[in-house]
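The numbers here are math on the coordinates, done by the rules we state, and not lab data. From a predicted model like this one, the values you see are computed outputs, not experimental measurements. Methodologically, a virtual Cβ is constructed for each residue, glycine included, from the backbone with ideal geometry; neighbour enumeration extends over all protein chains shown.
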Amino acid sequence: MLKQFFILCSGADTDILNDCSIGEQNKYAGIGATVFFTALMATIASSYALYTVFDNLYASVFFGVVWGLLIFNLDRYIVSTIRKRDHILNEILQATPRIFLAVIIAVVISKPLELKIFEKEINQVLLEQKNELTLANQNQIAEQFNPKIVDLETQIQGLQAQIDTKETEVNALYSTYITEAEGTTGTLKLGKGPVYKEKREKHDAALAELQQLKTDNKAKITALENEISTTQGDYKANVAESQPVIDNFDGLMARITALGKLPWLPSFFIFLLFLAIETSPIIAKLMSPKGEFDYKLQDQETVIKSWTAQQVAERQLLVKTDNAINNKVYTEIADEEEVMNYKRKKARELMQHQADAFLKKQKSVL
């Protein structure tokens with residue numbers, strides 16, 4: 001039962017193969033098994049590749065089975081259309097386009113399995129890329145908000161500088177009236193005289209201005225700090241909103257790109273493995289000698305070809321003979337008087353009808 005199934009997979013003519021030896025049947029069963037397991041590997045590979053895209057098991061398996069059936073049908077067609085020739089060069093020329101197609105299929109099948117085999121290494125590469133993208137994203141968003149934050153901080157520094165300047169001025173006035181009272185500067189008289197009172201009043205006025213300036217600037221600074229906090233919150237919100245896009249950066253194209261950053265030699269050997277699997281039925285047919293099945297198939301095809309050529313030749317001869325007979329008949333009757341008189345009579349009637357029709361048309365015009 002399994003042998004018949006694999007023979008069916010090989011695309012061989014079962015009516016002819018059933019009359020061949022057991023060895024010949026086993027050869028084509030092996031070729032069919034290779035075709036079947038290649039399609040099975042294609043189903044597994046495509047299901048995994050589609051799962052990374054759709055993230056849905058049932059959809060991935062369904063489309064993977066469809067892809068596997070497509071590969072199965074294509075491989076079966078390739079193997080079944082290769083015919084054994086009398087010269088190996090003719091067989092190679094016949095198989096060249098099929099081998100090229102097998103290479104393409106091998107690439108398509110091997111790539112998803114490479115993604116699965118090197119999944120851990122690919123995840124590491126993707127993690128590094130995500131970290132780089134996260135930093136780059138934060139820097140790009142920061143470029144939108146940093147100028148505003150810097151401007152607000154500059155305004156805060158300016159307001160604080162006004163307070164510091166005023167404090168310096170008040171401290172200087174305080175030192176002035178204190179030293180005046182001590183008699184160390186100014187009038188150099190000890191005690192609280194009129195000059196002392198004048199300097200004290202000037203200091204007190206400046207101190208009141210300082211207190212008012214502190215109150216006003218502190219309110220402005222608080223408002224600016226709140227605005228900075230709001231801007232920083234907007235920055236964090238933008239970063240958080242764009243982060244899921246970076247976190248989901250693990251699709252099929254991203255994984256293939258990450259695979260390209262890994263050493264090429266392991267991937268190349270996996271590709272060679274699938275290339276050998278995919279081309280093995282073709283190579284097996286090219287390397288195997290012309291067997292019993294090939295001779296019987298050639299005999300059947302040449303019988304049909306000869307019979308078709310014979311039928312075409314007979315039809316061509318029939319047409320040629322019929323034309324010769326017709327030409328001879330028409331040549332013989334062309335000189336008969338009766339035929340000439342009949343043709344003359346009909347020609348006269350035709351000319352009369354034409355003349356009557358022309359006259360009728362001319363009258364209608366007038």
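In terms of packing, defined here as the mean over residues of other Cβ atoms within 10 angstrom, the peptides 324-331, 241-248, 109-116 line up highest first as 109-116, 241-248, 324-331. Place a label point 7 angstrom from the Cα of Thr257 along the Cα-to-Cβ direction, then list the residues of the stretch 124-143 whose backbone nitrogen is under 20 Å away. Within reach of a label on Thr257: 124-141. In plain terms, the chain from Lys197 to Asn341 could stretch by 35.8 nm, reckoned as 0.36 nm per residue minus the Cα-Cα distance. Note on the chain: with a GNM built from Cα contacts shorter than 10 Å, the maximum mean-square fluctuation among Thr257, Thr165, Thr321 falls on Thr321. With a cut-off of 16 Å, note down the residues of the stretch 203-228 whose backbone N falls inside the zone around a label point 7 Å from the Cα of Lys148 toward its beta carbon. Residues 223-228 fall inside that zone. The lysines whose alpha-carbon is closer than 16 Å to the alpha-carbon of Lys360, local same-chain residues fewer than 8 away aside, do not include any residue.
For the residue pairs Lys148/Lys214; Lys261/Lys285; Lys27/Lys305; Lys111/Lys285; Lys3/Lys296; Lys148/Lys261, the alpha carbons lie more than 32 Å apart in Lys261/Lys285; Lys148/Lys261. Look at the Cα gyration tensor of the stretch 125-252: its axes a ≥ b ≥ c give a/c of at least 1.5 with a/b over b/c, and that counts as prolate.
Highest mean packing comes first when the peptides 261-269, 38-46 are listed by Cβ atoms within 10 Å, giving 38-46, 261-269. Of the complete DSSP H runs in the chain, those spanning 27 angstrom or more by Cα along the long axis with a mean Kyte-Doolittle score not below 0.0 are 22-54, 57-80, 88-117, 264-287.
Report the FRET efficiency, 1/(1 + (r/R0)^6), for Leu273 and Ala223, where r is their Cβ-Cβ distance and R0 is 41 Å, rounded to 0.05. In this case the efficiency is close to 0.05. Between Phe358 and Lys328, the FRET efficiency estimated from the beta carbon spacing at R0 = 35 angstrom works out to 0.30.
Shape of the stretch 208-360 from its Cα gyration tensor (a ≥ b ≥ c, root eigenvalues): rounded if a/c is under 1.5, otherwise prolate when a/b > b/c, or oblate? It comes out oblate by the Cα gyration axes. If the segment from Glu241 to Ser175 were pulled out straight at 0.36 nm per residue, it would be longer than the present Cα-Cα gap by 18.0 nm. Straight Cα distances below 20 angstrom link Lys343 to the lysines Lys328, with same-chain residues fewer than 8 positions distant left out. When peptides 136-146, 340-350 are sorted by average Cβ neighbour count within 10 Å, with the highest value leading, the order is 136-146, 340-350.
Using the alpha-carbon positions of the stretch 16-125, Rg (one decimal) and Dmax (whole number) come out as 17.6, 58 Å. Rounded to whole Å, the principal axis extents of the Cα atoms in the chain read 169, 96, 37, largest first.
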